[in-house]
Amino acid sequence: MLAHPHALAAALLCVLAGQIGAGASLHCALRREISPCTCRREDTGTGAVVVLCQRIATYQDIARALTNKFSPEIKIGLDISYSEMIGIEHHSFRELGLSITRLKLNFDNLSELKESVFAKMDLVDYFSLADNVLTEMPRHVLRHLPHVKTFDLCRNKITKLTEEDFKDIQEVEHLVVADNQISKIERHALPKALKHVHLGINKLSTLNGALRELEDLEWIFINANNLKSIDNELPLKSKKLVLIHAAHNELQNLPKEMKFMPSLESLYFYDNNIKYLDRALQNARKLERVGLSFNKIEYLASDEFAEAEVLADLDIAYNQLKSLNGSLRPLKSLRYLNLTHNMLTEFSLLEIKGLKRLSVIDLSHNKIAHIIGNMDNLVDVETMVLELRLDHNRITSLDGALISVHGLLRLNISNNQITHITADDLLGLEDLKLLDVSNNQITSLDETSKTFLPSLEELFAHHNNITGLDNGFHGLPSLCMADFSYNQIRSLNYNLATKSRCTINGIPSYLKIFLQENPVICDDRYYELLSVLENLNARVTGAAGCLTSQTSAPLLMRALNDIVPETPVILVTRMGAGVRVLQDSRENTAPQLAYRRVGPLIGQILPDREGGFPVLVEPPVTLPPSPTDVVKWPNQKPLRENSHPLADHLSLRDLNATH
């Protein structure tokens, strides 16, 4: 095929220097010699040159640019797209003196073609007329291209395929007539040598037996038509068929002849009306991918996939399954299982017994109330799952069912009805990196502090009824993010993060704790706690009435600490609009007075420097030091001018200006 337009737009400009043959080098005309066209050497090793002529107004412009510019021995792939080619009906591509093997006439607004334009083009093996407005098959043109192997006529307005249309191009192996208006196809219309056929996005209500005798077919695309059945339509003797794409139709079942197609690898039948599989895939020993989502499947037989041992991706989402019936057990190579939006009421780990390559199991949006069994008792040790999605179900308790699910990295049990999680529920999940228990009815996570999850990095527990975090992170040494927003938390424990040290790619980082929409009491003890957590590389953000910014508060505090380096800094109230000048008499302000209460606020009076006024940081960021319980920020080196991201806003001159 011709190179992609984006590649052609950056065409390599080579210099013609010899002939094709032993020891000869292939060359391409300089851009100025074939302007407005460009060219480049093809990268496929065929020795061809791709010539790109886009947005050309007349055929004469093309003729002037290309006539006799290339040696007849050079194979040319000619791409004339987005062009009008006015006057071409009086000429022929033969007049260009080019050995054209690939011809692409896309987006040229062609509604009819004159036969003489294509006379004696028997070297062409690739021909594309895609994205035009042709209403009939140009059979009069095709008789001059007898050796075409690939014919692309997609996105036109063809309405039917007849037995006469392709009779002169029986060597065609790749036929693309997708996205037309084809409603009829005659039984013997298609060339017998076809390997790949794309009839998708048309108006076919029947295939009329047109594919039945095509024994060399490898790919069939019949998606987005009006097909209600393809029984007795597929090639009966095909031993090479590897892909069938029949999505977006009205099919009610899989064709039974698929039982006799040993080479099938990929099947896409999603968005149909299929109610049962009827063991059509039972003998599919080479089948790797199956897409059956958005159907009406209610039942899977226990031997539905009896011999499909290499099946890796199975998508049966958005169906009406109520039971798996042990149907998955033969799928020893299964990696991705999508069962979201079905009607399952329970899930037993026996269903995945012995499946050691599982990456993702998606059971979300079902009606599951119970998880049955644990891996130690029911499943052999080789069974592994990397990600388990159980969100949006009706689970009230895990009951220890997930003990020792080997290799589990991500567990999502959000949006259920779970009221508590015990220490046993997460026992043995040593590889778990993400746990999502959000949108449940959990009141406490104290029990989880007894469970050691050495790899857990992200914990989502927002939208629950948790009232405190007294022992929250004791068993989570690698935690980097904990989201407890939208709970009922009123207090935090000083030891919350003493045993957690976040590292990202081996580099120490901060543990981020989110407390938006919680009734945390903003008293002196809370602000002292924030300072303690800061020293432990943990940051709290979002406590209602306490903080509005996770990063600006520490930055501002540190910058002010550089201005008054001897003053210990502790955050005491909400970050606000910035700073303002105190309306105070300068002579009444004692130089040694470092702190001053103004109404309900506690503010810091900065010493008079560089002729500035005393400034109140609003909200204030300091408290008078206590002899025993003040926690100081780590010592900071003085900032160089403009070295801090907030330096422009925190210089004394700016502090003295009204915000």
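The values are calculated or read from the model by the stated rules, or taken from the named source; none is laboratory data. These numbers were taken from a predicted model, which means no experiment stands behind them. Counting neighbours? That spans all protein chains shown, and the Cβs are built from the backbone with ideal geometry, glycine included. Each accessible area value is taken on the protein alone, full model and side chains, heavy atoms only, with ligands, DNA and RNA left out. Shrake-Rupley method; radii C 1.70, N 1.55, O 1.52, S 1.80 Å.
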(message) How large a share of the accessible area of segment 46-197, in percent, is made up of carbon and sulfur atoms when the probe is 1.4 Å and the other protein chains stay in place?
(response) 48 percent
(message) If you count only protein heavy atoms with a 1.4 Å probe, what accessible area per residue comes out for segment 83-210, rounded to a whole Å²?
(response) 42 Å²
(message) How large a share of the accessible area of segment 329-467, in percent, is made up of carbon and sulfur atoms when the probe is 1.4 Å and the other protein chains stay in place?
(response) 48 percent
(request) May I ask for the distance between the Cα centers of segment 121-178 and segment 276-305, given as a whole number of Å? (result) 36 Å
(message) I need the per residue convex hull volume for segment 149-246, using only the alpha carbons, in cubic angstrom as a whole number.
(response) 78 Å³
(request) Determine how large the accessible area of Met384 is when every protein chain is in place; take a 1.4 Å probe and give Å² rounded to the nearest 10. (result) 70 Å²
(message) At 1.4 Å probe size, with the rest of the protein present, what percent of the exposed accessible area of segment 272-319 is carbon and sulfur atoms?
(response) 43 percent
(request) Would you please put 343-350, 72-79 in order of how densely packed they are, using the mean number of other Cβ atoms within 10 angstrom per residue and starting with the highest? (result) 72-79, 343-350
(message) List the lysines whose Cα sits under 24 Å from the Cα of Lys353, skipping any in the same chain fewer than 8 residues away.
(response) Lys286, Lys322, Lys332, Lys367, Lys433
(request) Give a quick list of GluC sites (Glu not before Pro) in segment 103-155 that DSSP marks as loop, anything other than H, G, I, E or B, with at most 13 other Cβ atoms within 10 Å. (result) Glu112
(request) Run down the lysines and flag those whose C-alpha is under 20 Å from the C-alpha of Lys203, throwing out any fewer than 8 positions away in its chain. (result) Lys157, Lys160, Lys184, Lys228
(request) Would you tell me the accessible area of Arg279, worked out with a 1.4 angstrom probe on the heavy atoms of the protein chains, in Å² to the nearest 10? (result) 90 Å²
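If you take the square roots of the eigenvalues of the alpha-carbon gyration tensor of segment 85-212 and sort them as a ≥ b ≥ c, do you get rounded (a/c under 1.5), prolate (a/b over b/c) or oblate? Show your work: numbers first, answer last.
On the way: a/c = 2.15, a/b = 1.53, b/c = 1.41.
In terms of gyration-tensor shape, prolate.
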(request) Work from the charge dipole of segment 353-462 (Cβ charges, +1 for Lys and Arg, -1 for Asp and Glu, about the Cα centre) and give the residue of Asn393, Leu445, Thr419 farthest towards its positive end. (result) Asn393
(request) Could you work out how far apart the two model spin labels at Glu186 and Glu265 are, taking each label as a point 7 Å from the Cα in the direction of the beta carbon, and quote it in nm? (result) 3.5 nm
(request) Might you report the magnitude of the Cβ-based charge dipole of segment 184-265 about its Cα centre, with Lys and Arg at +1 and Asp and Glu at -1, to the nearest 20 debye? (result) 100 debye
(request) Work from the charge dipole of segment 194-352 (Cβ charges, +1 for Lys and Arg, -1 for Asp and Glu, about the Cα centre) and give the residue of Leu300, Phe269, Leu214 farthest towards its positive end. (result) Leu214
(request) Run the dipole for segment 227-366 about the Cα centre, Lys and Arg Cβ at +1, Asp and Glu Cβ at -1, nothing else charged, and hand back the magnitude in debye, nearest 20. (result) 440 debye
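Before I look further, what does segment 487-541 give for accessible area per residue, probe 1.4 Å, in whole square angstrom? Spell out each step's value before the answer.
On the way: 2640 Å² over 55 residues.
With all protein chains present, segment 487-541 gives 48 Å² per residue.
If you count only protein heavy atoms with a 1.4 Å probe, what accessible area per residue comes out for segment 235-321, rounded to a whole Å²? Please list the in-between numbers first.
Details: 3650 Å² over 87 residues.
So segment 235-321 comes to 42 Å² accessible per residue, rounded to a whole number.
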(message) Could you give the length gained by full extension between Asn226 and Ser491, i.e. 0.36 nm per residue of separation minus their alpha carbon distance, to one decimal place?
(response) 89.2 nm
